Each structure stands twice: as C-alpha cells, then as structure tokens.
Amino acid sequence: NAGVTQTPKFRVLKTGQSMTLLCAQDMNHEYMYWYRQDPGMGLRLIHYSVGEGTTAKGEVPDGYNVSRLKKQNFLLGLESAAPSQTSVYFCASRAPGLATEETQYFGPGTRLLVL
Amino acid sequence: DAKTTQPPSMDCAEGRAANLPCNHSTISGNEYVYWYRQIHSQGPQYIIHGLKNNETNEMASLIITEDRKSSTLILPHATLRDTAVYYCIGKTNRDDKIIFGKGTRLHILP
C-alpha cells in the first residue's frame, strides 16, 4: 500500500494562475480531507469529503474548490492563485466507523509558493 | 469538538519520560481524546486515543483523569526523533472532521 500520496510535491505559481493538487489513497477510505499549514501554525481544514461525489467546506474554504469524482481521489483547485495561498497543503483520509478506525492518515504534503 | 488547551512548548531531556498535558474541560461524554504528532515538514501521524480508560501502545501511554477534563500523553523514553509538534484533539464518532489546534512543540534535549 502506498497510503496517501500527493502530486505535485512542490510548485511555484504566479499570481492569477490556476492549478490542481491531486490526492490519492489506496486504502478504500470513505473520508478525505485537505488542510493547509502556514509557517509556525497548526493545520487548518479547507474542504473535506465524506464519500464519492460529496464535498463540504472546512474552516478556510475561500479561494479553493474541490472535487471527489472517484473514491480514491480528492482534487483541490486554485482558480486564481494569490500570494496568501502560499502554504503547505496536506491531504488526509480515514475510514469512519468505530473509534478504532477513526485514525486519519496524512500524505507527505505539497509545498506551494505563489509569487 | 471539545476545545483543547496545550502549552505552546516543552523541553525534555533525552532518555527521560516526556509528559505532555492537555486540558479539555468542555469535553462531552462521547468525545474521544486523540493525539497526533507532526515531525518537521511531514504530515501528522496518529499516536493514540482514548475515551475513559488509560491506554498504552507501542508509541506512548495516555492517562485520562477520572473527570475527563484533562489528559497526559507520556513518551516513556524520549529520543531526539520525538522532537515534534504534538496535537491533542477531542472528537466524537459522529464528527466528520478533525480540527487541529496549535499543539505543543516538544524539544528533546541531548
């Protein structure tokens, strides 16, 4: 199992450009999440999905869109990148149910720099 | 989610037990206490969780007070590789999402 993988690992954008971050998991998890982490800060939830075809807003959803067309993939889109979106983006997944199955598994992160 | 309070940073000597406190005075009866840690530049990693009873696994022990208003994560023999930010989170089985706070930055001193 590869677990949770993220593509790309690093990207530089100019203000106004668009891009899509891809998160993939091979654990057949229902729930997937996108977080951002700014330097010296904790993780903040952007959007999440509780199943294929569903998405929901987290704490800081503005400026981002997401799609969950396939169970194993969760895409995070930036339509018009801004310098304030410079951050490290983490994807996570989990299998809901009993508390023993509630562990979130995180990807390695995508480092995004918007100039 | 229960609001949790953690000290921003702590130091611990290598080889000693690291005891990380967490206050969760508003925790409800069905909220579990979860602990994650984040080593520099990596994604967070699950450590342990508990409801009422103390728990132990290969990574750590979790001590929850009888009134469940606070807990302590114990790393029995801290090593330099345990240097990380440790997050304490309250969550029920019905919560769809986990909200991370700022955590405790643990420095292991050689």
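The values are calculated or read from the model by the stated rules, or taken from the named source; none is laboratory data. Model, not experiment: these values are computed from the prediction. Cβ sites come from the backbone with ideal geometry, for glycine too, and all protein chains shown count toward neighbours. Just the protein is used for accessible areas: all its heavy atoms, side chains included, with ligands, DNA and RNA removed. Shrake-Rupley method; radii C 1.70, N 1.55, O 1.52, S 1.80 Å.
Numbers for the structure displayed
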quantity: The range B:1-76 versus the range A:14-63: alpha-carbon centroid distance in Å; calculated: 25
quantity: Spacing of the two label points (7 Å from each Cα toward its C-beta) at B:Met10 and A:Ser80, in nm; calculated: 4.7
quantity: Ordering of B:82-88, B:37-43 by burial proxy (mean other Cβ atoms within 10 Å per residue, highest first); calculated: B:82-88, B:37-43
quantity: Directionally averaged projected area (convex hull, Cα atoms, the range A:42-87), nm²; calculated: 3.5
quantity: Rounded FRET efficiency, nearest 0.05, which uses the C-beta distance separating A:Arg44 from A:Lys9 and R0 of 25 Å; calculated: 0.75
quantity: Protection proxy ranking, peptides B:97-106, A:28-37, average beta carbon neighbours within 10 Å, highest first; calculated: A:28-37, B:97-106
quantity: Unit charges at the beta carbon, dipole of the protein assembly as shown: most positive-side option, A:Trp34, A:Gly53, A:Gln85; calculated: A:Gln85
quantity: Per principal axis, descending, Cα span of chain B in whole Å; calculated: 40, 29, 23
quantity: Electrostatic dipole magnitude of the range B:64-108 [Cβ: Lys, Arg +1; Asp, Glu -1; Cα centre; debye, to 20]; calculated: 160
quantity: Calculated P(r) tail over 16 Å for the range A:1-74, as whole % of Cα pairs; calculated: 55
quantity: Value of relative contact order over chain B, rounded to a whole percent, pairs C-alpha under 8 Å and six or more apart; calculated: 38
quantity: Relative contact order [Cα under 8 Å, 6+ residues apart], chain A, whole percent; calculated: 35
quantity: Shielding by partners, peptide B:23-36 (average Cβ within 10 angstrom, other chains); calculated: 1
quantity: Residues of the protein assembly as shown: accessible area per residue with a 1.4 Å probe, Å²; calculated: 49
quantity: Number of partner chain Cβ atoms within 10 Å, mean per residue of A:41-53; calculated: 3
quantity: Only Lys, Arg (+1) and Asp, Glu (-1) charged, at Cβ; chain B dipole about Cα centre in debye; calculated: 200
quantity: Kirkwood Rh and Cα Rg combined as Rg over Rh, evaluated for the protein assembly as shown; calculated: 0.98
